[in-house]
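Structure record follows, encoded as structure tokens.
The values are calculated or read from the model by the stated rules, or taken from the named source; none is laboratory data. Small disclaimer: the values here were computed from a predicted structure and weren't measured. Neighbour counts are summed over all protein chains in view; Cβ atoms, including those assigned to glycine, are modelled from backbone coordinates with ideal geometry. SASA here: full protein model, heavy atoms, side chains in, ligands and nucleic acids out. Shrake-Rupley method; radii C 1.70, N 1.55, O 1.52, S 1.80 Å.
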Amino acid sequence: MTASAQIRAGRSLVSLSQTDLASMAGVSVSTLKRAEGTIQPPASVDAVAAIRAALEAAGVDFIEENGGGPGVRLRRK
């Protein structure tokens with residue numbers, strides 16, 4: 001599962017605005033804000049998957065829970 005903090009951190013890593021990432025993912029800005037946990041109700045699983053895919057295409061690697069918590073990092077080129 002992708003955590004809202006991972007989405008916020010990933011967006012920051014690749015210097016994308018909420019508007020830019022929402023456009024890349026094909027979702028509305030309000031949906032992105034729900035995925036980032038800033039407004040309710042939570043975003044759908046499909047919306048979070050689209051946002052994650054857009055961030056991965058932009059070079060973000062998602063690190064799953066491994067005892068130290070979930071995270072993100074920039075993909076090495």
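If you check Thr38 against the conditions, is it of a type in the set (Ser, Thr, Tyr), outside any loop (DSSP other than H, G, I, E, B) and either buried (at least 21 other Cβ atoms within 10 Å of the Cβ) or more than 11 Å from the chain's Cα centre (by Cα) (or both)? No.
Residues that are touching a Lys or Arg at 6+ places or on another chain (Cβ under 6 Å) and either aromatic (Phe, Trp, Tyr) or not in a helix (DSSP H, G or I) (or both) within the stretch 1-35 comprise just one, Thr2. Listed by first and then second residue, the pairs with beta-carbon distance under 6 Å, at least 6 apart or on different chains, first residue in the stretch 43-70 and farther than 21 Å from Ser17 by Cβ, second open to solvent by less than 30 Å² (accessible area, probe 1.4 Å), are Ile63/Gly71; Pro70/Gln6. Number of residues in the stretch 4-28 that are under 21 Å from Pro70 (Cα atoms), open to solvent by 50 Å² or more (accessible area, probe 1.4 Å) and without any contact (Cβ under 8 Å) to a residue 40 or more places away in the chain: the value is 3.
Entry remark, the stretch 53-77: residues being part of a loop (DSSP other than H, G, I, E, B) and open to solvent by less than 30 Å² (accessible area, probe 1.4 Å) number 2 in total.
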